[in-house]
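Just below is one structure, and these are the notes that go with it.
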Amino acid sequence: MENIYSYIAFVLLSGMILGSALLVVTLKNLVHSVLWLIVAFIGVAGIFLLLNADFVAAVQVLVYAGAVCIMIVFGVMLVQRIDMANSNPVNRRFKIAAPVVGGLFIVIGLLTARAQWVAAGKEVPTQTVQNLAPILLQDFVIPFEVAAILLTVALTGALVLVKEVKSNGDRS
Amino acid sequence: MATGLNPSYFVALSAALFCIGLYGAISRKNAIAVLVSIELMLTAVNINLVAFNKFLTPEAFIGQIFAIFVITVAAAEVGLGLAIVIAIYRNRKSVDLDDFDWMKW
Amino acid sequence: MVQFALNHAWLVPLLPALAFVIIVFLTRPWPKVSSTVSIAAILSSFVLSSSIAYGVFTNPGFIEKPLVYSLRWFGMEGFTVHVGVMLDPTSTMMLFMVSMVATLIQIYSTGYMEGDPQYSVFFSYLSLFAASMLGLVISSNLLQMFVMWELVGLCSFLLIGFYTFKISAREAAKKAFITTRIGDFGMLLGLLFLQIVFGTLDLTELAQRVPAFEQFGISLGLLTLIAILLFIGPIGKSGQFPLHVWLPDAMEGPTPVSALIHAATMVVAGVYLVGRTLFLFAEVPGAMEVVAFTGAFTALFAATIAVTQREIKRILAYSTVSQLGYMMLALGVGSLSASMFHLWTHAFFKALMFLGAGSVLHALHHKADVWDMGGLIKKMPITGWTFVVGGLAIAGIPPFAGFWSKDEILAVTLEYAKHGHTLGYVLFLMATFTAFLTAFYMWRMIFLAFFGKEKPENHPHESPWNMTFPLIVLAVLAAVGGLIGTPWANWWSRWIHFGQPHHGEPAIGLMLLSVVLALAGIGLAYLLYYKDEEKRTAQELAKRYPTLYRISFNKYYVDELYQWFTRTVVDAGANVLYWFDIHVVDGIVNGLAGITKTSGKGLRYLQTGKLQTYALVFFVAVLVITVVLAFGDPTSAGIMGGGK
């Protein structure tokens with residue numbers, strides 16, 4: 001019975017993700033796009049839960065749906081002052097882009113259908129955090145620290161970039 | 001298998017999400033919309049990683065670790081990307097990517 | 001001392017070379033110090049050479065077995081070049097003669113070059129010149145000899161063009177260098193052939209291998225070609241026809257240089273080289289005939305030019321060309337001893353005459369035309385009388401040096417003719433007629449310059465002692481230097497010979513003939529240019545045969561011919577090549593650049609600067625590649641489909 005539930009869950013979640021994602025890339029109002037992005041991210045978090053990755057799902061919600069989307073909304077507000085309704089126009093390339101991405105999807109789909117998966121036949125342990133922690137802080141401690149430095153540097157760089165430049169060239 | 005789902009479903013979902021993101025990244029004029037689309041593409045990759053983690057190497061957790069790193073880097077990328085967009089906007093009063101073509105010939 | 005000198009013969013060229021370095025780097029600002037260093041070096045070389053000469057000429061063993069020592073210079077697989085010293089009577093004689101003449105000329109130069117701003121430089125060049133010539137003489141190896149040969153050429157270039165402010169001097173230097181380079185090119189080809197065929201350039205080894213040339217897989221024809229190629233070098237260097245043109249122009253240099261070039265060093269290098277490689281020429285009669293005829297023709301040709309020339313040094317230059325022709329003739333008929341003997345005596349009397357001419361020019365402030373001189377012997381007795389000695393020697397009046405050597409050459413030519421070479425009689429006739437002409441033009445010059453009426457506008461004075469001293473020494477040598485090779489007691493040919501030493505019987509008839517010819521020449525000159533005070537007969541002769549006179553005076557128009565050749569053929573060829581270079585070579589290069597430029601101009605518009613276009617192109621490419629890989633080639637399709 002569980003199979004059917006998870007199947008139904010997958011279908012629902014997929015529909016939610018793809019639907020909101022399509023809205024994200026088609027809506028003319030950028031703020032609406034970002035709001036639909038949040039929906040899509042939450043759907044992805046649901047997929048993660050379905051895949052027994054509860055920690056990643058939590059991170060997904062916290063970082064993507066929370067922090068990133070709020071940051072993007074701020075960005076939109078900073079650069080877009082008037083006429084938010086038409087803030088996300090489409091350029092001329094979409095006529096070429098649509099068949100290309102469609103073709104790409106079909107090709108990947110065909111390859112996926114052809115692929116034969118070697119299933120491990122094992123269950124993901126339920127205690128994911130307890131298992132993730134030693135890996136992240138022992139085996140992957142150096143990438144972990146590097147990622148920390150990367151974040152720091154990126155945010156510092158962002159600060160430097162957006163600082164107001166005075167007319168005499170000084171950065172205040 | 002706990003679920004009747006096999007990896008193909010997730011790969012197909014991920015491909016669809018990726019293609020949608022790609023379409024947005026190519027066809028939107030607004031730089032921030034492009035950033036948003038790129039986030040979609042990165043998320044699609046994360047779905048793949050976690051799905052493979054579950055079905056292929058359930059006890060190693062490498063896929064999940066990878067997904068966490070991707071999320072981290074994506075966060076940094078969004079922050080920087082927005083900063084650049086804002087900086088350019090200050091100079092050019094525009095966020096249309098087609099106007100950002102002063103690296104041309 | 002003698003043993004030391006024999007074992008350290010390399011010091012002989014090294015000392016002047018060292019003097020060159022010292023003068024260039026240290027003593028250039030102090031002229032007197034420079035000349036002292038230079039003379040000290042060359043004098044030491046002369047002393048060493050004398051010791052070597054003593055050592056060699058008291059030990060008959062050196063005739064058959066020269067003293068050779070060498071060390072490895074460089075080498076590679078199958079090719080090793082040694083640099084070394086070869087002492088046999090021939091090279092020892094040259095060593096002695098060159099160092100002596102060079103010493104005398106350097107002493108003379110201290111007077112002649114007095115007060116010249118480039119005094120030190122001049123002495124450094126002289127030292128280098130002497131060093132390279134001495135190095136050439138003792139070379140045990142043809143490559144080493146070639147290097148020295150080129151150094152000699154370089155020095156002559158520097159010295160001929162010494163007065164760099166004179167355009168004519170610069171032109172003459174270029175001419176000398178380029179003309180001799182033409183010869184050197186042939187010589188280099190010959191050397192390459194020798195190295196390829198015989199695998200060595202060592203003189204001793206070559207002398208053993210060349211007679212057995214058939215074992216090395218080459219025909220007589222090819223060997224003849226090698227010999228003739230090798231002979232082209234001496235043609236250029238020794239001023240043989242048709243590459244003689246540089247030699248008279250070389251008079252633009254300071255007179256001591258002319259003496260050094262014409263008497264002792266550069267020009268005899270060619271004769272010496274042929275003498276050294278005579279074992280090669282002796283194998284190929286064809287090449288020998290070429291050498292003999294080149295020599296005889298050059299002798300006659302230059303003599304006929306000298307008859308009408310007006311500049312004192314130019315007459316001497318053509319006489320040098322003529323005498324070198326004699327030496328080549330002697331080599332061509334196979335007599336090393338006659339050739340070397342003439343080289344030896346010629347060095348003395350020609351150096352003497354050049355230095356004498358220099359003394360005259362010095363006194364007359366470089367007024368070179370013999371017709372503007374006259375009666376100089378009263379004011380310049382030493383110069384005049386030593387010059388007369390030189391004139392007697394070159395004309396061939398016994399017992400002066402030139403008589404013996406010229407007589408020897410005539411004798412061997414006649415002998416050559418008698419031994420079945422009918423053409424040898426032609427050579428003999430040419431040589432005897434040249435002897436007559438030589439006496440005539442030399443004494444024409446002497447009568448015009450030193451005797452007759454004094455010209456009031458000239459205020460000659462005798463030169464200082466350091467110029468007259470070498471003249472006196474050389475005059476003595478020119479007088480008695482030939483006595484070591486008289487047919488009655490031929491000490492010379494016992495030591496210096498190729499093959500069997502030949503004992504020519506004293507041919508009284510031949511001697512009488514040559515003396516009569518010489519006296520006839522002198523007598524004719526006396527009648528035309530001394531007795532006839534107004535020189536009316538001479539001028540009338542020139543007027544009656546204007547064509548002959550003009551041809552001779554204009555040196556058979558050889559220079560003009562070369563100029564014409566250069567202007568028309570060479571320049572036309574150069575123009576064709578220029579056109580080819582501009583239009584074809586540059587066209588290809590510029591065309592390629594143009595294609596790149598144009599395509600770049602067109603293609604740069606692909607660089608739109610629009611990021612999304614790039615992304616689109618990128619993913620189109622990804623799509624295409626994926627489709628091709630997944631659905632095209634089965635192997636790659638398997639990989640794409642899951643690693644199977």
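Just a few scattered comments:
- Normalised by 2.2 N^0.38 Å, where N is the number of residues, the C-alpha radius of gyration of segment C:134-282 stands at 1.10.
- Charge dipole (debye, nearest 20) of chain C; +1 at Cβ of Lys and Arg, -1 at Cβ of Asp and Glu: 1180 debye
- Counts of other chain beta carbons within 10 angstrom of each beta carbon in peptide B:87-96 average 3.
- Nearest-ten-degree value, helix B:7-27 long axis tilted from longest Cα axis of chain B: 0 degrees
- Evaluated with a Cβ-only charge set (Lys, Arg +1; Asp, Glu -1), segment B:7-99 carries a dipole of roughly 220 debye about its Cα centre, given to the nearest 20.
- Positive-end extreme of charge dipole, segment C:553-601 - chosen from C:578, C:553, C:594 (charges on Cβ): C:594
- Tensor-based shape of segment C:303-368 (alpha-carbon gyration tensor, a/c under 1.5 rounded, otherwise prolate or oblate): oblate
- Gyration tensor verdict on segment C:14-110 (Cα atoms; rounded if a/c is under 1.5, prolate if a/b is larger than b/c, oblate otherwise): oblate
- Shielding by partners - mean other protein chain Cβ count within 10 Å, residues of C:603-614: 5
- Each distinct pair of alpha carbons in segment B:7-99 adds a 1/r term; the inverse of their mean, the Kirkwood radius, is 14.4 Å.
- Taken residue by residue and averaged, Cβ atoms of other chains lying within 10 Å of the Cβ of A:85-92 number 5.
- Against chain A, whose longest principal axis is taken from its Cα atoms, helix A:94-114 shows a tilt of about 20°.
- About the Cα centre, charge dipole magnitude for the protein assembly as shown (Lys/Arg +1, Asp/Glu -1 at Cβ), debye: 1880 debye
- Accessible surface computed residue by residue for chain C, with neighbouring protein chains in place and a 1.4 Å probe, gives 41 Å² per residue.
- Inverting the pair-averaged 1/r between distinct Cα atoms of segment C:22-171 gives 16.9 Å as its Kirkwood hydrodynamic radius.
- Alpha-carbon Rg/Rh ratio, for segment C:64-106, with Rh computed the Kirkwood way: 1.19
- Shape summary: segment C:566-627 maps onto an equivalent ellipsoid whose semi-axes, from the alpha-carbon gyration tensor, are 51, 12, 5 Å in decreasing order.
- Relative to its residue count, segment C:429-499 spans a Cα convex hull of 162 Å³ per residue.
- The share of Cα pairs per 10 Å bin across segment C:1-55, counted from zero up to the longest distance, runs 28, 43, 22, 7 percent.
- Each part reduced to its alpha carbon centroid, segment C:268-339 and segment C:91-123 end up 25 Å apart.
- Principal semi-axes of the equivalent ellipsoid, √(5λ) from the alpha carbon gyration tensor of segment C:553-601, are 44, 6, 4 Å from largest down.
- Distances between every pair of Cα atoms in segment A:1-104, grouped in 10 Å steps from 0 to the bin holding the largest one, split as 15, 34, 32, 16, 3, 0 percent.
- Kirkwood hydrodynamic radius of chain C, from inverse mean 1/r over distinct Cα pairs, in Å: 27.0 Å
- Taking Cα atoms only, the orientation of helix A:30-50 departs from the longest principal axis of chain A by about 20 degrees.
- Segment A:88-137 and segment A:1-26: distance between their alpha carbon centers, rounded to Å: 14 Å
- Alpha-carbon centroid distance for the pair segment C:521-599 / segment C:177-193, whole angstrom: 22 Å
- Debye equation applied to the C-alpha atoms of the protein assembly as shown, log10 I(q)/I(0) at 0.05, 0.08 Å⁻¹: -0.55, -0.72
The values are calculated or read from the model by the stated rules, or taken from the named source; none is laboratory data. All values reported here derive from a predicted model rather than from experimental measurement. Every residue, glycine as well, gets a Cβ built from its backbone with ideal geometry; the counts of neighbours run over all protein chains shown. Remember, those area values only see protein heavy atoms, side chains included, never the ligands or the DNA or RNA. Shrake-Rupley method; radii C 1.70, N 1.55, O 1.52, S 1.80 Å.
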